[in-house]
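Peer 1: The structure's right below; bear with me while I get my questions together.
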Amino acid sequence: MESLTTTRKIGGSLVVTLPKKIVESQSIQEGELIKIIIEKIKKSAFGVLKGMRSFSKEDKFIGQLG
């Protein structure tokens, strides 16, 4: 499954959120190890980020690997 998301800065790290649709369809659980393949998308793509919500204080940072 494929989806677009944006990076957000928390402390010195960049984080991404997984859309609910992907979490549910792939049965992803908190703390589960997943593989993410990175591909940058040009910002000039018209409408590509339309409808993406802003990061809010309700979003929580769970932890980091490494």
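Peer 1: If a residue has to be closer than 22 Å to residue 42 by Cβ and in a strand (DSSP E or B) to count, how many in the stretch 1-16 make the cut?
Peer 2: Matching residues across the stretch 1-16 total 4.
Peer 1: Only one of (1) in contact with a Ser or Thr (Cβ under 7 Å, 6 or more places away or on another chain); (2) surrounded by 10 or more Cβ atoms within 10 Å (Cβ to Cβ) is not met by residue 8, so which one is it?
Peer 2: Of the numbered conditions (1) in contact with a Ser or Thr (Cβ under 7 Å, 6 or more places away or on another chain); (2) surrounded by 10 or more Cβ atoms within 10 Å (Cβ to Cβ), the odd one out for residue 8 is (1).
Peer 1: Just for the stretch 17-43: of the residues that are outside any loop (DSSP other than H, G, I, E, B) and within 15 Å of the chain's Cα centre (by Cα), which one is surrounded by the fewest Cβ atoms within 10 Å (Cβ to Cβ)?
Peer 2: The qualifying residue surrounded by the fewest Cβ atoms within 10 Å (Cβ to Cβ) is 20.
Values in this text are rule-based calculations from the coordinates and carry no lab data. Values in this document were obtained by computation on a predicted structure and should not be read as measured data. Methodologically, a virtual Cβ is constructed for each residue, glycine included, from the backbone with ideal geometry; neighbour enumeration extends over all protein chains shown.
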